[in-house]
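All of the numbers you see were taken from the coordinates with simple rules; none came from a lab. Since this is a predicted model, take the numbers as computed values, not measurements.
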């Protein structure tokens, strides 16, 4: 790890809030918690983070369109492609229910609509910061990150299985060259914590200029539609 950098990775938890993994200037990982997206960005400000990687869609497609980055991410995951939900169009952010959203975006699944409140919160928080925020805050997908770490090493089992969790822990500890700390946020599940750590490694690659970027589009507001790996 580059000792000059401090980065954050964050995964959204059920019921709200973010599990946050911080990799500090010594390359050590620690766990943190943010109650909401403004709080997460304030945490990044507090530590003067060089990059933040979030497991949430940021740039949003036009009605009826699918982001190129989502297509590319699904192709990377092959049999696990269903873990990449198509990002909803910006128009559904104003909807308060799935029933309200369906006439606008008929192909939107109920599971994907469940992400809308968090996407809305992230969208508002980032837009309040202005376009420069996208230089340091990026979208990632933990399963794509784990697939990249596992390539040529191991066939990943589902992350909800014991084997899958142990595989992902081993990949993270190999990348960090250190054991994972055993004190994740109390409100985070094991999945949340491991995904946040994968996001932090993506943020580290982004800050070092070594990340791969899937997709190179922007949405109607000029927001990048990309998944960083």
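Suppose we keep just the alpha-carbon trace of region 118-163; what are its Rg and Dmax in angstrom?
My reading of the Cα-based Rg and Dmax gives 15.9, 42 Å.
In square nanometres and to one decimal, what's the mean projected area of the convex hull around the Cα atoms of region 54-105? Walk me through the numbers on the way to the answer.
Details: hull surface 16.6 nm².
Over every viewing direction, the Cα hull of region 54-105 projects on average to 4.1 nm².
How tilted is helix 68-77 with respect to the longest principal axis of the chain? Cα atoms for both, answer in degrees (0 to 90, nearest 10).
Around 50 degrees separate the two axes.
Taking the 0 to 90 degree range and rounding to the nearest ten, how far is the long axis of helix 116-129 tilted relative to the main principal axis of the chain, both from C-alpha atoms?
It is inclined by approximately 80 degrees.
Output the Cα-based Rg and Dmax of region 53-177 in Å, rounding Rg to one decimal and Dmax to a whole number.
So, for region 53-177, Rg and Dmax equal 16.3, 50 Å respectively.
Hey, what's the per residue convex hull volume over the C-alpha atoms of the chain, in cubic angstrom? Present the calculation step by step, with values, prior to reporting the outcome.
Working: hull volume 27.1 nm³, N = 229.
In the chain, the Cα convex hull volume per residue is 118 Å³.
Counting only DSSP beta bridges with both residues in region 1-93, what percent are antiparallel, rounded to the nearest 5? Kindly include the intermediate steps, with their values, before the conclusion.
Values: 12 of 16 bridges.
Expressed as a percentage, antiparallel bridges in region 1-93 total about 75.
Write down the Kirkwood hydrodynamic radius of region 138-229, to one decimal in angstroms, obtained as one divided by the mean of 1/r over all alpha carbon pairs.
Values: mean 1/r = 0.0706 Å⁻¹.
Result for region 138-229 stands at 14.2 Å.
Rounded to the nearest angstrom and ordered from largest down, what semi-axes does the equivalent ellipsoid of region 1-65 get from its C-alpha gyration tensor (root of 5λ)? Each step should come with its number before you reach the end.
Values: eigenvalues 118, 43, 21 Å².
Largest first, region 1-65 gives 24, 15, 10 Å.
Using Cα atoms only, what is the angle between the long axis of helix 37-46 and the major principal axis of the chain, expressed in degrees (0 to 90) to the nearest 10?
So the inclination is approximately 40 degrees.
What are the extents of the Cα atoms of region 146-192 along their three principal axes, in Å, largest first?
34, 24, 14
As a test, work out the antiparallel percent of DSSP beta bridges whose residues both lie in the chain, rounded to the nearest 5. Can you show the working numbers first?
Working: 16 of 24 bridges.
If I count the DSSP bridges inside the chain, around 65 percent turn out antiparallel.
Whole-Å semi-axes of region 16-117's equivalent ellipsoid, largest first, each the root of 5 times a Cα gyration tensor eigenvalue? Intermediate values should be presented prior to the final figure.
Working: eigenvalues 177, 64, 27 Å².
Over the Cα atoms of region 16-117, the semi-axes work out to 30, 18, 12 Å.
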